[in-house]
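What follows is a single structure, written as structure tokens, with notes after it.
Every read-out reported here was derived from the displayed coordinates using simple, explicitly stated rules and does not represent laboratory data. Treat the numbers as computed from the prediction; the structure is a model and nothing was measured. With ideal geometry, Cβ positions are generated from the backbone for all residues, glycine too; neighbour counts draw on all protein chains shown.
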Number of protein chains: 2
Amino acid sequence: MAQSGRGSKASPHVVIVGGGFGGLEAAKALKNEPLRVTLVDRRNHHLFQPLLYQVASATLSPADIAAPIRHILRQQRNIEVQLAEVSRVDLQARSLDLEGGSRLDYDYLILATGASHSYFGKEAWARHAPGLKSLEDALDIRRRFLLSFEQAEREPNPEARKALLTYVIVGGGATGVELAGTFKEMTSLTLPKDFRHIHAERARVILVEAGHHILPSFGEGLSEKALQSLEKIGVEVRVGQPVTEVDGQGVTVGTERILARTIIWAAGVAASTLGQSLGAPLDRSGRVMVEADLSVPGHPEVFVIGDLASFSHGLVRPLPGLAPVASQQGRAAARNILASLSRKPRTPFRYRDRGTMATIGRGSAIAQVGPFRLAGWFAWLAWLFIHLMLLVGFRNRLAVFLEWLFAYVSTQRRARLIVGTCGNHADVDAPPE
Amino acid sequence: MAQSGRGSKASPHVVIVGGGFGGLEAAKALKNEPLRVTLVDRRNHHLFQPLLYQVASATLSPADIAAPIRHILRQQRNIEVQLAEVSRVDLQARSLDLEGGSRLDYDYLILATGASHSYFGKEAWARHAPGLKSLEDALDIRRRFLLSFEQAEREPNPEARKALLTYVIVGGGATGVELAGTFKEMTSLTLPKDFRHIHAERARVILVEAGHHILPSFGEGLSEKALQSLEKIGVEVRVGQPVTEVDGQGVTVGTERILARTIIWAAGVAASTLGQSLGAPLDRSGRVMVEADLSVPGHPEVFVIGDLASFSHGLVRPLPGLAPVASQQGRAAARNILASLSRKPRTPFRYRDRGTMATIGRGSAIAQVGPFRLAGWFAWLAWLFIHLMLLVGFRNRLAVFLEWLFAYVSTQRRARLIVGTCGNHADVDAPPE
């Protein structure tokens, strides 16, 4: 049973590693085909990552944006889902090493293990400035954020209290902007009435971007609109200066020292290390440079998709790490496997950009759809609608819709729970690191 | 600011320790009174414990049954909420020692710190058989339960697979019965379609009760009905035999050895250790034997309520550890403080039993209201309605109602997420302990 890859060889065996947007779409595209499919993930759930910042900011609960992978695929009879971590790809043997010692053979392999944070070689920063990639990360950030107000409420020293109420978000991409917007909303609308000694509305939320523009992929016009929206709700934005130091007391931006006890890392992205075991050329972020058909050079039976892939055929710059890119690549890889099996030519991948968007706060978002650029209320409504539609499962959609409606009308957040992770309340009285 | 207990002594200072049912009701009862009130809890949230088993069984999310204490009390201007752990009561100095070194003085003290599990001196059992008292406990049990199926799915050895699919719940009180019922429902209705190699519906759920009846407080008639309902849905119930051994391989019940990898402890209750620092007489479970007015003998300014109190004035046996007892005692203690302040006589506490109920599964519950005894569908509907009404906050009520409706109609559970606590996926490939 643990050896499901070694069973009958009657039908070809496709192994998909990773149950994110790419892996899930690849699996679905192989439905009803005469193949055995195994999807391996180290988590039991698919995660709707674009809304992860809302778990971090106590608006949504984990179950609102995640669903068990095997449940999503339960009706697909040719698939098997395994909860396991892949430690190595053996291209020669066409086999995967799983943590714990077992192996899984494949005829075709789709690698979709995504990316995590990169601290650009400053790994020591990680403990002071957590990133946001998993549900655990989101719950950790939520705990740090909420605890800082609790600590500030009983902190007699004004300087220390100020540092507790200063929040620095490093990285002006979509995650950083969305997190900064929602943090500021919470400090100015959700939290003030709950405290007696602090003025939560005076808390500083600082967004730091090393480049010259936040949300650079949207072009200067929209980027400027987003900046104005952020500043209007009170977020301080620093652009053009890299962070040069992060420690338990704060960050250094260029030459400026900012004392802050809560720092969030939304800057660097590093591809999953599994790509390294392929021996294929990697880009600067460790992404695998794939062929036009998404396969690994020299290994037409191995595909790499999503955030782990660097695809630049016919493009000025490689495709960005976005959910729609991953989904489309998942379907394309599946189609190319089916083409090979029926001895038809493969199709080069082509990304259809249906638009990108980012939300800044209540009633404010920017969107870029082909030649159209939108900002403000209408973009925000479009953002809400599209993200609701993209969520897996009717039930999640309804739950999230109701949470949003409640949050918008009441300015409250229902998931403001500080739940310990390791030990019980180690954080509560811990001294500043 | 950390010294809020040492400020002006103009109005008397009431300190409440614990934000459960008792502490919260006491705080609310002191609203608009000329008092300063401080509520101290080591958690930031009030927890609706009667539904905690539904978080453990992946039906509800933490945010559905918990809310920040300071948010619940935000409109009450005379109250201050502190996130802190009390380590000791200094009755002579009328002061509390808080973890971290600070102190908090009081004029009146209400202790409502509740209870946790007792392993009857077998503390080594705790790691194999977690109890269910906090959100962390519930998420831990959920993870163990869901992981057991993942491990069984890829376990080639039939004996080991059988142990993975055997669930033993120790303790036939309300928590044990409700957990057993909902676990069995999940194995027979929710999970079967998701797996390819195991038959989840054949999983064994065994409820072990050392006494001769499950739910003994309901009387023999209802207890028998509950037993029949459990057996009808497939739960195996063992009564009259104590558990004599718990280890990583299973449990020993009387002389019978049951191999099981998931064991839940719903048996013993031990009062919070804070009661010991009072020097007052304690009962067998460590509960403080209180006076008729709920105060500590010799200390009319200190009250003990809820699961931490043992109240037996005019009763055959002490009051049970139930939410309504705690709530009523909270209000009574507050009233007695107000009486003392206006130099009126205190009122002895009298519990008004408005009934107790327990649910067994889909469409099945038992209820006892005064002389009336109910079982079956109507009792279940009453259970649903009453628990919805008792939840804090309209939004939680609606969210829980929708989760229940969805779970009932679809037989699915939306919160089936395995979220790691310490480290990332330490559990996934861990060998059996």
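FRET efficiency for the pair A:R284 and B:S410, taken as 1/(1 + (r/R0)^6) with r the Cβ-Cβ distance and R0 = 45 Å, rounds to 0.45. With label points defined 7 Å past Cα in the direction of Cβ, position B:R354 shows copy-to-copy spacings of 5.0 nm, given to one decimal and shortest first. Taking the Cα centre of the protein assembly as shown as the origin and placing charges on Cβ (Lys, Arg +1; Asp, Glu -1), which of B:W125, B:T252, A:Q49 is farthest toward the positive end of the dipole? Most positive-ward Cα: A:Q49.
Determine, for each peptide in B:143-154, A:376-387, the mean count of other beta carbons within 10 angstrom over its residues, then list the peptides with the highest first.
B:143-154, A:376-387
If the cut-off is 28 Å between C-alpha atoms, which lysines fall inside it for A:K344, apart from same-chain ones fewer than 8 positions away? The reachable lysines, counting only those whose Cα sits under 28 Å from A:K344, are A:K9, A:K28, A:K31.
When +1 charges are put on Lys and Arg Cβ atoms and -1 charges on Asp and Glu Cβ atoms, the dipole computed for chain B relative to its Cα centre reaches about 1220 debye. Using only Cα atoms and rounding to the nearest 10 degrees, what angle (0 to 90) does helix A:394-410 make with the longest principal axis of chain A? Helix A:394-410 sits at roughly 10 degrees to that axis. In a simple Cβ point-charge model (Lys, Arg +1; Asp, Glu -1; nothing else charged), the protein assembly as shown has a dipole of about 1980 debye relative to its Cα centre. With respect to chain B, whose longest principal axis is taken over its alpha-carbon atoms, helix B:377-390 is tilted by about 40°. Note on chain A: GNM, Cα springs under 10 Å; of A:K184, A:K225, A:K344, the largest mean-square fluctuation is that of A:K344.
Bridgeable aspartates and glutamates around A:K193 (alpha carbons under 13 Å apart, same-chain partners fewer than 8 residues away excluded): A:E153, A:E201, B:E80.
Averaged over peptide B:79-85, the number of partner chain Cβ atoms lying within 10 Å of each residue's Cβ comes to 5. The slack between B:F120 and B:Q241, meaning 0.36 nm per residue of separation minus the straight C-alpha distance, is 42.0 nm.
How many Å³ per residue does the convex hull of the Cα positions in the range B:118-267 occupy?
105 Å³
Taking B:E159, B:E236, B:E80 in turn, the Gaussian network model of chain B (Cα-Cα springs below 10 Å) assigns the largest fluctuation to B:E159.
Shielding value for B:59-72 is 6, the average number of Cβ atoms from other chains within 10 Å of each residue's Cβ. Taking amide H positions as modeled 1.01 Å from N, with prolines and chain starts lacking one, the residues under 5 Å from A:I169 and 5 or more places away or on another chain are A:I206, A:L207, A:V208, A:I264. Note on the range A:118-268: antiparallel DSSP beta bridges, both residues inside, total approximately 40 percent of the bridges counted. Where the alpha-carbon atoms of the range A:304-343 are placed on the principal axes, they occupy 33, 21, 14 Å, in descending order. Taking amide H atoms as placed 1.01 Å from N in the peptide plane, the amide H of A:Q82 lies under 5 Å from those of A:L39, A:V40, A:D41, each 5 or more residues away in sequence or on another chain.
Calculation over all alpha carbon pairs of the protein assembly as shown in 10 angstrom steps from 0 returns a P(r) of 2, 12, 20, 23, 20, 13, 6, 2, 0, 0 percent. Couplings 3J(HN,Hα) for the range B:199-205, derived from phi with the Karplus relation 6.51 cos²θ - 1.76 cosθ + 1.60 (θ = phi - 60°), are 9, 4, 5, 8, 4, 9, 10 Hz, where x marks Gly and Pro. For the range B:118-267, a simple Cβ point-charge model (Lys and Arg +1, Asp and Glu -1, everything else neutral) yields a dipole of about 340 debye relative to the Cα centre. Relative to the longest principal axis of the Cα atoms of chain B, helix B:323-341 runs at roughly 0 degrees. In peptide B:134-141, what is the residue-averaged number of other protein chain Cβ atoms found within 10 Å of each Cβ? Mean partner-chain Cβ count within 10 Å for B:134-141: 2. Take A:T411, push a point 7 Å out from Cα through the beta-carbon direction, and compare it with the same point in every other copy: 4.7 nm, smallest first.
Please state, as a whole number in µm²/s, the translational diffusion coefficient that the Stokes-Einstein equation yields for chain B at 4 °C and 1.567 mPa s, with Rh defined as the Kirkwood radius across alpha carbon pairs. Rounded, D is 57 µm²/s.
Residues A:I258, B:I79, ranked from the fewest to the most other C-beta atoms within 10 Å, line up as A:I258, B:I79. In the protein assembly as shown, taking the dipole from charged Cβ atoms about the Cα centre, the farthest positive-side position among B:P371, B:A200, B:S11 is held by B:P371.
A Förster distance of 22 Å, applied to the separation of the beta-carbon atoms of B:Q76 and B:R354, puts the FRET efficiency at 0.30. Cross-link partners for B:K225 among the lysines, with Cα-Cα distance under 23 Å and sequence neighbours closer than 8 places in the same chain left out: B:K184. In order along the range B:309-316, phi translates into HN-Hα couplings of 9, 10, 10, 9, 5, x, 10, 5 Hz, rounded to whole numbers, per the Karplus curve 6.51 cos²θ - 1.76 cosθ + 1.60 with θ = phi - 60° and x for Gly and Pro. Here B:L315 and B:M389 are evaluated by their C-beta separation; at R0 = 35 Å the FRET efficiency comes out at 0.80. Simple spin-label estimate for A:A292 and A:D90 gives 3.5 nm between the two label positions (7 Å along the Cα-to-Cβ direction from each Cα). Under 5 Å from the amide H of B:I110 lie the amide H atoms of B:V15, B:I16, B:V17, B:F303, each residue being 5 or more positions distant or on a separate chain, with H modelled from the backbone and absent for Pro and chain starts. If a/c stays under 1.5 just call it rounded; otherwise compare a/b with b/c (prolate if a/b is bigger, oblate if not). Do that for the range B:135-206, with a ≥ b ≥ c from the square roots of the Cα gyration tensor eigenvalues. Cα axes put the range B:135-206 in the prolate bin.
Cβ crowding within 10 Å, taken as a proxy for footprinting-reagent exposure, orders B:R257, A:R414 from fewest neighbours to most as B:R257, A:R414.
3J(HN,Hα) along the range A:342-348, derived from phi through the Karplus expression 6.51 cos²θ - 1.76 cosθ + 1.60 where θ = phi - 60°, amounts to 9, 6, 9, x, 7, 9, x Hz, with x in place of Gly and Pro. Taking label positions 7 Å along the Cα-Cβ direction at both A:E231 and B:T252, the computed distance is 7.4 nm, reported to one decimal.
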